[in-house]
1. How many residues, within the stretch A:238-279, are assigned to a loop (DSSP other than H, G, I, E, B), closer than 29 Å to B:Arg74 by Cβ and more than 8 Å from chain B (Cβ to nearest Cβ)?
2. Taking the condition of being touching a residue at least 60 places away in the same chain (Cβ under 8 Å) and loosely packed, with under 15 Cβ neighbours inside 10 Å, how many residues in the stretch A:90-120 meet it?
3. So is B:Val256 in a helix (DSSP H, G or I), in contact with a Phe, Trp or Tyr (Cβ under 7 Å, 6 or more places away or on another chain) and hydrophobic (A, V, I, L, M, F, W, C) or not?
4. I'd like the residue in the stretch B:124-148 that is at the interface with chain A (Cβ under 10 Å from one of its Cβ atoms) and under 13 Å from the mean Cα position of the chain (by Cα) and, out of all such residues, is surrounded by the most Cβ atoms within 10 Å (Cβ to Cβ).
5. Being polar (S, T, N, Q) and more than 7 Å from chain A (Cβ to nearest Cβ) is the filter here; which residues of the stretch B:61-77 pass it?
6. Pairs only if they're at least six apart or on different chains, beta carbon under 8 angstrom, first in the stretch B:96-117 and under 14 Å from B:Ala151 (Cβ atoms), second of a type in the set (Lys, Arg) and surrounded by fewer than 19 Cβ atoms within 10 Å (Cβ to Cβ); list them, first residue then second.
7. Look through B:Ile259, B:Ile207, B:Ile235 and report the one residue that is within 14 Å of chain A (Cβ to nearest Cβ) and buried (at least 17 other Cβ atoms within 10 Å of the Cβ).
Amino acid sequence: MGFESAINEAVEGCFASLTLSFLETLTQTQTPTSLPFPTNSLSFPPPPIFHPLSSFIVTEKYQVAHSPQLSPCQAVLILPLPSLDKQFEEFCSKLEESGSLREKIRAVVLEIESTTRLMHSGLLLVHQSRPVPEVLEKAKAQIGVLQGFYNRLAEITRECPGQYYRYHGDWRSETQTVVSLLTFMHWLETGNLLMHSEAEEKLGLNSLEFGLDIEDYLIGVCFMSNEMPRYVVNQVTNGDYDCPRKVLKFLTDLHAAFRMLNLRNDFLRKKFDGMKYDLRRVEEVYYDVKIRGLTGTGDSNDANQGVVEGEEVYYDVKILG
Amino acid sequence: MLLTRLASSTVRRLFIMASKPNPHLLHQGAALQIPPKKARTMSRTSESSSSSSSSFKEAFGNYADYLNNLNEKRERVVKASRDITMNSKKVIFQVHRISKYNRDEVLDKAEKDLAAVTKQYMLKLVKELQGTDFWKLRRAYSPGVQEYVEAATFCKFCRTGTLLHLDEINATLLPLSEPSVEPLQINVLDYLLGLADLTGELMRLAIGRISDGELEYAKKICQFVRDIYRELTLIVPYIDDGSDMKIKIDTMLQSVVKIENGI
């Protein structure tokens, strides 16, 4: 009983793809290989799934008679199989599509990565105390380029709406790098933190379509804070003794803001813990500078003393750095 | 580590530089007692930046809300997924009790249990997942869904000898969602992963049937498993996040071999 109902089901399922004429040819053809439905080469002619006890199957819709040319098993098994294949063919084509989409995405992401590398190497010049505006100029020019790339990503994913997070892993770390660079640049320029919405704007993204993931943004900000200690040390080496105070204040506020977040034990949490150490190192530099009276409001009674102290700080800093 | 670094640098300085005015010794001593951290509250701000820190506060308040909601939802989804897994496994165990004589009653009970899983636990999942959640939280609910697919296909095979299709499964899930809302649809990847697990269960069933003497039935199972394996070997190269799948394919081949050896 089960077999007949199974055959019925399978036959009904195949009805759309098979025509009656095909069934007529079924009883007339010598070899099954001339049948017109698509199968993959491996599965045809397949060994029978079912061993019908009777030599022919009668169903309500079709009568596949026991024909001398075709074995009953072959007649029976032809019908259920296409439905098995068809489902998997659909899967194959869907997966192929998503695979090619992913390749397109990866190509764009590689370009994003090389742009960020360019920007980063340019920005590293601030550690060698090139004037900030000059360094920023070059990096800013790349922002437009990045906008273009993110637009392309938005276009590519527009084809499959709602699947931003399916492919999100492919651009996640590069985006975090981008955010860290942008926030660093923004801080160099204004001394303020670039907000999530501002970052989105700069990259030409909008949260309705292709947005900036908030966790990516936060992780990018943590990466930015990693740059701070080194920057402060080098600024002090070059005589900017006010820098530590500014950076300390900024980083303190930032750390306090992050403390408002309820983080669970994931990557973001690890990065946030790293920020604590950045803060501590900046505090130490600030402390060094302060006790040597080098900050603007410190004592300036002895210019010579100031020079000697300056050399010692330079030396200290060289050792520390 | 920090202290030893400071100490060693101080020692070096002492060694190289001749006369040390007090500040250095002071530094060495004082460094060991770094001034205690003042309370880091947003209210401790200096003159000019009160506006920036209050905007920090507001923005980070929003980020905090976002993260809290996300994490809570994720937890609820994980819990629902675990419930689905447990109960689907119960269905599978139930089906394994099949023998020559009690086939129908075992299957009836199994199908009833499966329907209960659908109505109770999949419903919870449906309620939680909306819009981008399907892909964002996939890692949270995927194991549960795979187990569910495994149970459902297992029942169907034991009942009819055919493979339950993805659209058929999804059709049973449609009534769970409100019509105005995007329905929960199992995606291809989870379906295929569940199918891979199914072959393991079928292997167990086949071995059981052989030891029970139902050789014919075991042969049918063998054939079915072979077909699934064949289909999946074609698809696997296209699965991009296929690390799970590759392991499962290997396991699947082992299952097929075990069945064949049993027969």
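1. 2
2. Number satisfying all stated conditions: 1.
3. Yes, satisfied.
4. B:Leu137
5. Correct list: B:Asn62, B:Asn69.
6. Hits for this filter: B:His96/B:Arg204; B:Val106/B:Arg97; B:Asp113/B:Lys90.
7. It is B:Ile235.
Listed here are the residues, each with its yes/no results for (1) modelled with pLDDT of 90 or more; (2) buried (at least 20 other Cβ atoms within 10 Å of the Cβ); (3) part of a helix (DSSP H, G or I); (4) of a type in the set (A, V, I, L, M, F, W, C).
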site: A:Met224; (1), (2), (3), (4): yes, yes, yes, yes
site: A:Arg281; (1), (2), (3), (4): yes, no, yes, no
site: A:Val307; (1), (2), (3), (4): no, no, yes, yes
site: A:Tyr315; (1), (2), (3), (4): no, no, yes, no
site: A:Ile319; (1), (2), (3), (4): no, no, yes, yes
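The values are calculated or read from the model by the stated rules, or taken from the named source; none is laboratory data. This is a predicted model, so every value here is computed, not measured. Heads up, the Cβs are rebuilt from the backbone with ideal geometry, glycines too, and the neighbour counts pull from every protein chain shown.
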